[in-house]
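I have placed the structure first, in the form of structure tokens, so that the comments after it can refer back to it.
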Amino acid sequence: MGGSGSKSKGYWPFSGSGSTDDPIRDGGEQPIAKVRSFPSATPFVLTRKSSMYFDEDGDLAHEFYEEAIVTKNGRKKAKLKRIQKNLTPQGIIKLEIPCIHVDFPVVLCEA
């Protein structure tokens, strides 16, 4: 048993070729990864999409709530209501410390 996945040829330069070559033809050795030659490819991730949003006032947060007064049986009760409208995503942010991409196929350090 195993996971299901596709063997399609993607644009990530560190992914395998997706073909099932015979290892005997290659001299019995199988490479760890077949690196495609993209001059601007790097194993480091320098930016990421932010999960934070700006509201109408320019405040930045993951979630926004407003206090709503609910009257039930003659009693007033305050509840927090989540705001989901009029929010603008922060967008792409630059990482202070570059990370290694999850698809980088080489073991960097052996413990």
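The values are calculated or read from the model by the stated rules, or taken from the named source; none is laboratory data. Note that the coordinates shown come from a computational prediction; the quantities given were computed from them, not determined experimentally. Positions of Cβ are backbone-derived with ideal geometry, glycine not excepted, and every protein chain shown enters the neighbour counts. Ligands, DNA and RNA are excluded from the accessible area calculation, which covers all protein heavy atoms including side chains. Shrake-Rupley method; radii C 1.70, N 1.55, O 1.52, S 1.80 Å.
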### Task
State all residues of the range 48-96 that are of a type in the set (S, T, N, Q), open to solvent by 90 Å² or more (accessible area, probe 1.4 Å) and not in a strand (DSSP E or B); if no residue qualifies, say none.
ASN73, GLN84, ASN86
### Task
Give me a count of the residues in the range 37-47 that are outside any strand (DSSP E or B) and in contact with a strand residue (DSSP E or B) (Cβ under 9 Å, 6 or more places away or on another chain).
2
### Query
Looking only at residues in the range 98-111 that are more than 16 Å from the chain's Cα centre (by Cα) and either of a type outside the set (Asp, Glu) or surrounded by 10 or more Cβ atoms within 10 Å (Cβ to Cβ) (or both), which one is farthest from ARG48 (Cα to Cα)?
ALA111
### Task
Can you run down the residue pairs with Cβ atoms below 7 Å, 6 or more apart or on separate chains, where the first is in the range 46-71 and charged (D, E, K, R) and the partner is open to solvent by 90 Å² or more (accessible area, probe 1.4 Å)?
LYS49/ILE92; ASP55/ASN86; GLU56/ASN86; GLU63/ARG82; GLU66/LYS81; GLU67/LEU80
